[in-house]
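The values are calculated or read from the model by the stated rules, or taken from the named source; none is laboratory data. Small disclaimer: the values here were computed from a predicted structure and weren't measured. Counting neighbours? That spans all protein chains shown, and the Cβs are built from the backbone with ideal geometry, glycine included.
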Amino acid sequence: MSVHAAVDGPNGLGGSSRPVTIHDLRAAKQRGERFAMITAYDANAAALLDELGVPVLLVGDSLGMVVLGYDTTVPVTLDEMIHHTRAVARGARRALVVGDLPFGTYQDGPSQALASATRMLKEGGAGAVKLEGGGPMVEVTAHLVRAGIPVMGHLGLTPQSVHQFGGFKVQGRDDAAADRIVADAQALAEAGAFTIVIEGVPAELGRRATEAVAVPTIGIGAGGHTDAQVLVWHDLLGLTSGRLPRFVKAYADLRSEISGAVKAFVSEVADGEYPGPEHVY
């Protein structure tokens, strides 16, 4: 399996100017080509990530915690998701934009899910939707796929179920739970899901789930054997404060950079240094 980023390959996901499709992602798995997915919540971030060749942009309901200040993803509304998805879709020209269906907008069954997903595509401009869970969500997935809506599954630690889990805890630690996650992955793939996010599980379970399905798996806290990896934009840039999950790697420390810039601006305004002669008309 190749460990090179998609943006490096002339013939891979990052090597073409045409829009990325769900079929490109499956073909990448067949080639053994790993790829990255990054969350985006606004047009500016989407445009930059698109320019850099990131093939999949997830407008995650994580925006509730990262952008809107909620304690969990549960309060996020469909209108809020559509608002941010529309912004990301404006910024992206090539990347596949996936919009999360928030809690309470699909759990009631196929009809509710179809109405929500239709809005996400028509109003939000998404190219696909993501929903959490297996079991009854398998039929929901099949219903959406039959209606022509690409679906990304999500198993393991599903944040919308945080109250049921009793917190953000690693899932699939015992054999029965692990077997259930693998079975759900297979069922979602058979129902037509084009990718499956595997979150917060032991690395060995991430490997098992990946080997059990023909569609790509996208790991987040699921070890290094999944077909792709996803991180939250703010986390990988070092913008998030407080304790981070073990799986997060900050590739920059923009929080410190921004702090220095803001302090310099405040100081120069107070001292009368800004604006200088070169900044006035």
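Overview of values
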{"quantity": "Positions within the stretch 132-167 being closer than 17 Å to G223 by Cα and either of a type in the set (F, W, Y) or at pLDDT 95 or above (or both), in sequence order", "calculated": "H154, L155, G156"}
{"quantity": "Single residue of E139, E132 found to be among the acidic types (D, E), touching a Phe, Trp or Tyr at 6+ places or on another chain (Cβ under 9 Å) and in the same structural domain as Q107 (by TED's automatic domain parsing)", "calculated": "E132"}
{"quantity": "Filtered residue count, the stretch 167-215, keeping only those that are over 17 Å from the mean Cα position of the chain (by Cα), charged (D, E, K, R) and under 24 Å from I38 (Cβ atoms)", "calculated": "1"}
{"quantity": "Verdict on T72 being out of contact with any Cys (no Cβ under 7 Å at 6 or more places or on another chain) and outside any helix (DSSP H, G or I)", "calculated": "yes"}
{"quantity": "E278 out of contact with any helix residue (DSSP H, G or I) (no Cβ under 7 Å at 6 or more places or on another chain) and surrounded by 12 or more Cβ atoms within 10 Å (Cβ to Cβ)", "calculated": "no"}
{"quantity": "Among the residues listed as A113, A92, the single one being touching an Asp or Glu at 6+ places or on another chain (Cβ under 6 Å), more than 21 Å from A214 (Cβ to Cβ) and surrounded by 23 or more Cβ atoms within 10 Å (Cβ to Cβ)", "calculated": "A92"}
{"quantity": "Residue count for the stretch 135-179, restricted to those that are outside any helix (DSSP H, G or I) and either over 28 Å from D71 (Cβ atoms) or among the charged types (D, E, K, R) (or both)", "calculated": "7"}
{"quantity": "Residues satisfying the stated conditions in the stretch 75-127, i.e. of a type in the set (S, T, N, Q) and touching a strand residue (DSSP E or B) at 6+ places or on another chain (Cβ under 7 Å)", "calculated": "T85"}
{"quantity": "Whichever residue in the stretch 224-273 is part of a helix (DSSP H, G or I) and acidic (D, E) and, among such residues, is surrounded by the most Cβ atoms within 10 Å (Cβ to Cβ)", "calculated": "D235"}
{"quantity": "Output for the stretch 139-154, where each listed residue is closer than 18 Å to M37 by Cβ and either crowded, with 24+ Cβ neighbours inside 10 Å or among the charged types (D, E, K, R) (or both)", "calculated": "V151, M152, G153, H154"}
{"quantity": "Condition check for G99: touching a Pro at 6+ places or on another chain (Cβ under 8 Å) and at pLDDT 95 or above", "calculated": "no"}
{"quantity": "Residue that is farthest from M137 (Cα to Cα), among those in the stretch 168-195 that are among the β-branched types (V, I, T) and touching a strand residue (DSSP E or B) at 6+ places or on another chain (Cβ under 6 Å)", "calculated": "T195"}
{"quantity": "Filtered residue count, the stretch 235-281, keeping only those that are touching a residue at least 12 places away in the same chain (Cβ under 8 Å), out of contact with any strand residue (DSSP E or B) (no Cβ under 8 Å at 6 or more places or on another chain) and closer than 20 Å to Y41 by Cα", "calculated": "13"}
{"quantity": "Single condition G104 does not satisfy, out of (1) assigned to a loop (DSSP other than H, G, I, E, B); (2) within 18 Å of the chain's Cα centre (by Cα)", "calculated": "(2)"}
{"quantity": "Output for the stretch 196-212, where each listed residue is over 14 Å from G156 (Cα atoms) and either basic (K, R) or buried (at least 23 other Cβ atoms within 10 Å of the Cβ) (or both)", "calculated": "none"}
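One line per residue, one yes/no per condition, for (1) under 34 Å from the mean Cα position of the chain (by Cα); (2) assigned by TED's automatic domain parsing to the domain that holds V151:
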site	(1), (2)
T217	yes, yes
D227	yes, yes
W233	yes, yes
G238	yes, yes
R246	yes, yes
I258	yes, no
V266	no, no
V269	no, no
